[in-house]
Amino acid sequence: MAISEEAGASVTEAQIAVHWREEDYIYPSPRFIGQANAPDPAIRERFSEERFPECYRDYADLLDWDTYWHTTLDTSHPPFWKWFAGGRLNACYNCVDRHLAKRANQAAFIWVPEPEADLVQNVTYQELYRRVNEFAALLQGFAGVKPGDRVTLHMPMVPDLPVAMLACARIGAIHSEVFAGFSGTACGGRMADSGSKVLVTMDSYYRDGKILDHKAKADEAVAAAKEHGMEVEKVLVFRRRSGQYLSQTPMVDGRDFFVDEVIADYRRKVVEPVSMPAEAPLFLMYTSGTTGKPKGAQHSTGGYLSYVAGTSKFYLDIHPEDTYWCFADIGWITGHSYIVYGPLALGTTSVMYEGAPAYPDAGRPWRIAEQLGVGIFHTAPTTIRMLRKLGPDEPAKYDYHFKLMVTVGEPIEPEVWRWYYDVVGKREAVVVDTWWMTETGGFMGATLPALEGMKPGSCGPGALGIYPVLYDEEGKVVEAGTGRAGNICIRNPWPGRMLTIWGQPERFVQTYYSKYCHDKQSTDWHDWPFLCGDGAMQAMDGYYRILGRIDDVINVAGHRLGTKELESAVLTVPEIAEAAAVPVIDETRGRVVEMYISLKPGLSPSPDIENKAKAAIEREIGKVARPKNVWIVPDMPKTRSGKIMRRVIAGISNFADVGDITTLANPEVVEAIRHQVYAEKNARGEAPRPLTEKELEEIKAFGRAE
Ligand code: WTA
């Protein structure tokens, strides 16, 4: 893709790509192929473009429908496509009830608490059925939740979280889970946006050996929602250890209730699953993009559930008798699709782990795998990098055997991929690199594990029924094998795509379709390519290599953080006049954030202001977003039109070349900032390391979306 004129850069991503070595294929073992769900190459045929959209019947037929649909794909209101129109179903019924006949006593979830002395808990399908019904009855009876109402969950990784999600689905309510690591303020903003009057939370949970007071965030959330004009009516508080209250904050009379007390009135209650239209919203998942506040990606019931069931079957190779562990947080889309909905729709056993990956040491994940007999393992590059750094030889010490491993969330470096394959997978497991995003519901690019060779660093071809295309800035197709990069789009609709942005249909069309739509009136889906938001290139074999976001999103350890959100958080500090967030290459977290701020006239820099900036980010977004460094600079490098040139400070933060600065209104400030930042980084022992071509290009191109 072309880099903006203003950025003044002369090299495009296309050119850097040439420097990459093409990796060789690695193939799965005959043993894996012999047991795979998709061993026959004819499956590609079944999902060929000529068979679109009917091919997705294969996915929908994995579910039980109350009413079968009459139209596979209804395109009458572009681009608000409807999948399986006329069909009705209940997601909770499909994930729980229908498995009881065969698997009542099989574990649906195996929950591993962080403290190693605590017992692992099995939640069987039968027990899950009970717990979901009771909580659904409580939501209806005690909290007055009706079909279509939104319920916000701010829950850590405990079984009560999927119980609450499935209970909402059972009664036709829309859940909106906010990652527990996010602040109360961030949660409150999302509550107000979605108009949810009920908050489901927990008193505390374990993380990295500490017990965190989580209920305190509920009070902040209620206050933040109120600031946005939303009155939260009920706060339902689960307890991490029954009978004990491990939070310092008092329960608010008439507003806060312990679930374990209230539920006594709902014991043994059964709630009939509400039959929902296929396109009824199942949940909201807030995510960051180029502008403004996070947007609520609204996912459907029928299309979404079909898509995650189908991709779980063919790409994760889940069989009901597998023990499958996705080491992500349910607070993100990966957890929704591939810890809860996909695996449960297929009736398998899904492992949930409460805590930090390397607690108390880097052997923990492998002990869990050995103890539980995990066969499928799913995690993100940031976790792989961390475990490799802290315990490169740990996996060999444990007797576990994976048949398949997944990586998701960020590009994975070929060296890291190889450690994952050789050491974690012991060269026995197939690796599936799955590329997708919150908006897509499920995988967009990946290799079919028994059929398509693995290529380290590439996610593979489009997933079944997914037809990607690369466009340049002018909308011209960038061909495969040219060594040039483009903006990756999906040409066709697919059942897992979000329906819209909650409450903002125009923003939905604008964000994902306005750039490349051929004809806004057209009801032919061919005119509506979906803009994914990543740069990518395609090799001759059709495999895609993902370069990263083209918007102002910084991917920190797999968390999508918008620069605008970070900057507006910092600007809540009265002393701060301007702020700019930039990514810094980091060995384990992929990228970390550095924040540049300038102060209002007459104020001088102080550690106090630096701390206020960090605290503001923690308060507004959460600890995950805490910047590595905050630099208080005399002035920001700006263009003559007054825009902050992020690529210049990004260059400084990464000890890289800042590129052409002749278009700046104040070029003299660059040397001053460089001098200051280098000196402080030296003092902190943050030594530079040589960046790869790809990393250098990313830094150079940063901020091009402006
Ligand atoms: C990035 C997470 C390279 C990408 C499921 C995307 C990846 C963003 C991969 C979405 C992958 C995800 N290889 N990059 N396998 N998977 N990404 O919404 O930049 O949290 O746009 O969804 O993560 O992040 P999100």
Show which lysines lie in cross-link reach of Lys476 when reach means a straight Cα distance below 21 angstrom and same-chain residues fewer than eight apart are skipped. Lys515, Lys520
Compute the longest continuous run of the chain that contains no exposed trypsin sites (Lys or Arg not before Pro); treat a site as exposed when its DSSP state is not H, G, I, E or B and it has at most 12 other Cβ atoms within 10 Å. 22-240
Taking the reciprocal of mean 1/r across every pair of different Cα atoms in the chain, the Kirkwood radius in Å is 26.0 Å
Residues of the range 227-253 with amide N under 15 Å of the 7 Å Cα→Cβ point at Lys293: 227-232
Under 1.5 on a/c is rounded, so check that first for the range 45-90, then, if it is not, pick prolate when a/b is larger than b/c and oblate when it is not; a ≥ b ≥ c are the square roots of the alpha carbon gyration tensor eigenvalues. oblate
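Out of every Cα-Cα pair in the range 214-285, what percent are more than 19 Å apart?
Values: 1394 of 2556 pairs.
Cα-Cα pairs in the range 214-285 separated by more than 19 Å: 55 percent.
For the range 111-226, what is the Kirkwood estimate of the hydrodynamic radius, computed as the reciprocal of the mean inverse distance between distinct Cα atoms, to one decimal in Å? Working shown, then result.
Working: mean 1/r = 0.0676 Å⁻¹.
This gives a value of 14.8 Å.
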Whole-number percent relative contact order across the chain, with pairs defined as alpha carbons under 8 Å at least 6 apart: 14 percent
At a threshold of 8 angstrom on Cα-Cα distance, excluding pairs fewer than six apart, so keeping six or more, what relative contact order does the range 216-366 reach in percent? 13 percent
Gyration tensor on Cα atoms of the range 231-363, a ≥ b ≥ c root eigenvalues, a/c under 1.5 rounded, else prolate if a/b beats b/c, else oblate, says rounded
Cβ-Cβ cut-off under 9 Å around Ala665, Lys and Arg +1, Asp and Glu -1: the net charge is +2
Summing Lys, Arg as +1 and Asp, Glu as -1, what charge do residues with Cβ under 11 Å from the Cβ of Ile171 carry, Ile171 excluded? 0
Once the range 415-514 is represented by equal point scatterers at the alpha-carbon sites, with solvent omitted, what log10 I(q)/I(0) does the Debye formula produce at q = 0.10, 0.16, 0.18 Å⁻¹? -0.37, -0.84, -0.98
Cross-link reach from Lys397 to aspartates and glutamates, straight Cα distance under 15 Å and at least 8 residues apart if same chain, gives Asp361, Glu370, Asp422
For the chain, what does -39500 (n - 2.57) per DSSP helix run (n ≥ 4), summed and divided by total residues, give at 222 nm, in deg cm²/dmol to the nearest 500? -7500 deg cm²/dmol
Could you pull out every whole DSSP H run in the chain that spans at least 27 Å of Cα extent along its own axis and averages 0.5 or higher on the Kyte-Doolittle scale? none
Provide the per-residue ³J(HN,Hα) series for the range 459-465, in order, calculated from phi with Karplus coefficients 6.51, -1.76, 1.60 and θ = phi - 60°, each as a whole number of Hz, with x at glycine and proline positions. 7, x, x, x, 5, 3, x
Just how many % of Cα pairs in the range 564-706 lie over 21 Å apart, if you round to the nearest whole percent? 40 percent
Between Arg640 and Gln248, how many nm apart are label points set 7 Å from Cα along the C-beta direction? 5.5 nm
When the convex hull of the C-alpha atoms of the range 382-444 is computed, what volume per residue in Å³ does it have? 87 Å³
Coil-residue GluC sites (Glu not before Pro) of the range 408-491, DSSP, other Cβ within 10 Å capped at 16: Glu428, Glu473, Glu474, Glu479
Per residue, the convex hull enclosing the Cα atoms of the range 629-706 spans a volume in Å³ of 91 Å³
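None of the figures in this text is laboratory data; all of them are computed from the coordinates on show. Please read all numbers here as calculations on a predicted model, not as lab measurements. Methodologically, a virtual Cβ is constructed for each residue, glycine included, from the backbone with ideal geometry; neighbour enumeration extends over all protein chains shown.
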